[in-house]
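Readers should treat all values here as calculations from the given coordinates under stated rules, not as data from a laboratory. Owing to the predicted nature of the structure, the values given are computational and were not obtained by experimental measurement. Please note: Cβ atoms are built from the backbone with ideal geometry, for glycine as well, and neighbour counts cover all protein chains shown.
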Amino acid sequence: MILHKNRHTIKRMPTSASHRITGLLQAWSQGDDAALAELTPLVYAELRKLARGYMRRERRDTTLQTTGLVNECYLRLVDTRVAWQNRAHFFALSGRLMRRILVDFARSRQYAKRGGGAPHVMLSSKNEQPSMPEPGRDLLALDDALSALATVDERKSRIVELRFFGGFSNDDIAEALGVSAKTVMREWQVARVWLFRELTNTGREEATQG
């Protein structure tokens, strides 16, 4: 599996717009349906950008399209009761939901059947945004590895998830997780080494069993 640079990032909004979204999110958390109606057009365009980043390297014959991914994510968001902290928190959870939707879709299409050989992983230590992996085996292998990492260190797993699946910058991740950008960078570097080992060992085990 090769993780390339990802040009997709969550665009920073003017402070006033960001504060407006945060206020609407918090009002929605308190049961204000009117706030949700006002919020939807403000975040929908960003959700589409996020979804396009996810779908960029999906199979061309996939029946799941960007609009479908956005709509499914939005429906799950509406059905989820969350005490929203801010805009970054909203898009962080959106990224997690899109990851879950894509993985569930891949499993439903029986992409989980993996071939032998270790995945080729290149996790950059620089402040770069990796793109989606090849569909099928690589996506599911990474999802499994991230789940395993979460049992060891959930925050590191979230950092990888937000950078890789969500295309978030270090500053965006820091805001979403309530830590410094330096902490994000340091933990990303540790996490990428852990994931490299996990994915490589998994690939070797599968090759042996095959």
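On full extension of the chain, what length is gained from HIS19 through VAL179, given 0.36 nm per residue of separation minus the C-alpha to C-alpha distance? The partial results should precede the final answer.
Working: separation 160, 0.36 × 160 = 57.60 nm, distance 1.94 nm.
Fully extending the segment from HIS19 to VAL179 adds 55.7 nm.
The 3J(HN,Hα) values that the Karplus relation (6.51, -1.76, 1.60; θ = phi - 60°) gives for segment 96-103 are, in residue order, 5, 5, 5, 4, 5, 5, 5, 5 Hz. Gly and Pro appear as x.
Could you tell me the center-to-center distance, by alpha carbons, between segment 28-54 and segment 67-91 in angstrom? Rounded to whole Å, the Cα centres lie 7 Å apart. Cβ crowding within 10 Å ranks GLU38, GLU187 as GLU38, GLU187, fewest other Cβ atoms first. Roughly what would the spin-label model give for ASP153 and LEU36, points 7 Å off Cα along C-beta, in nm? Simple spin-label model gives 3.8 nm for this pair. Couplings 3J(HN,Hα) of segment 140-155, computed from phi: 6, 5, 5, 4, 4, 5, 5, 5, 5, 4, 4, 6, 8, 8, 5, 5 Hz, in residue order, whole Hz [Karplus 6.51 cos²θ - 1.76 cosθ + 1.60, θ = phi - 60°; x for Gly and Pro].
If R0 is 22 Å, what FRET efficiency do you get for VAL193 and ARG107 from their C-beta distance, rounded to 0.05? Computed FRET efficiency for VAL193 and ARG107 comes out at 0.20. Amide H contacts for SER169 (H built 1.01 Å from N in the peptide plane; partners 5 or more residues away or on another chain; cut-off under 5 Å): ILE10. Given their separation in residues at 0.36 nm each and the Cα-Cα distance between them, VAL78 and ARG52 gain 7.3 nm when the chain is fully extended.
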